[in-house]
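Worksheet: the structure to be examined is printed underneath.
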Amino acid sequence: MKKYMFLLVLALFAMSAQATSFTYLNVTSNDSVARSLEAASLKITFDNCVATFTTADGVEHTATLADMAYMEFSNTKGADWDDTPLNPKDGDVNIDTFVDAIDLNILINILLGADQADNYDGRADLNSDGAVNGTDINMLINILLGR
């Protein structure tokens, strides 16, 4: 009898359980700014400490895991995703959470014309003067040297 009661309770529980659908994925940064993406058909991948969010229309947004406080599905929308790093570090041109020789190499390649500054959403222009030039390389070297 106990066996049948247990199965009956289990069946009732299973029938009452329902999946909850949410409208948005909110990604909250360490400085408490929540950015939202529509959850429908959202694809999330993780590679090399970077989360890539691909929307239903194929637009990709990225965020480094170190800069994310948490992610949650919600029916409440946060701010629109604007593709600036969640918590950008000065000099982290490729937003891999490190300021290193790779960032310096990117700046040099931009200066030599082997890469485009547009690929880095303004992050290569360290002094925000509207141009990527030797001043930005000098600033990055000072950051790397801890000055």
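Here, each number is a calculation from the coordinates, and none is a lab measurement. Values in this document were obtained by computation on a predicted structure and should not be read as measured data.
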(message) Starting from 0.36 nm per residue, how many nanometres of slack lie between Phe98 and Leu144 once their C-alpha separation is accounted for?
(response) 15.5 nm
(request) Work out from phi, with θ = phi - 60° and the Karplus expression 6.51 cos²θ - 1.76 cosθ + 1.60, the ³J(HN,Hα) of each residue of the range 124-132, listed in order in whole Hz, and give x for Gly and Pro. (result) 7, 8, 5, 9, 6, 9, x, 9, 9
(message) Between Lys43 and Gln116, what is 0.36 nm times their sequence separation minus the Cα-Cα distance? Round to one decimal in nm.
(response) 23.5 nm
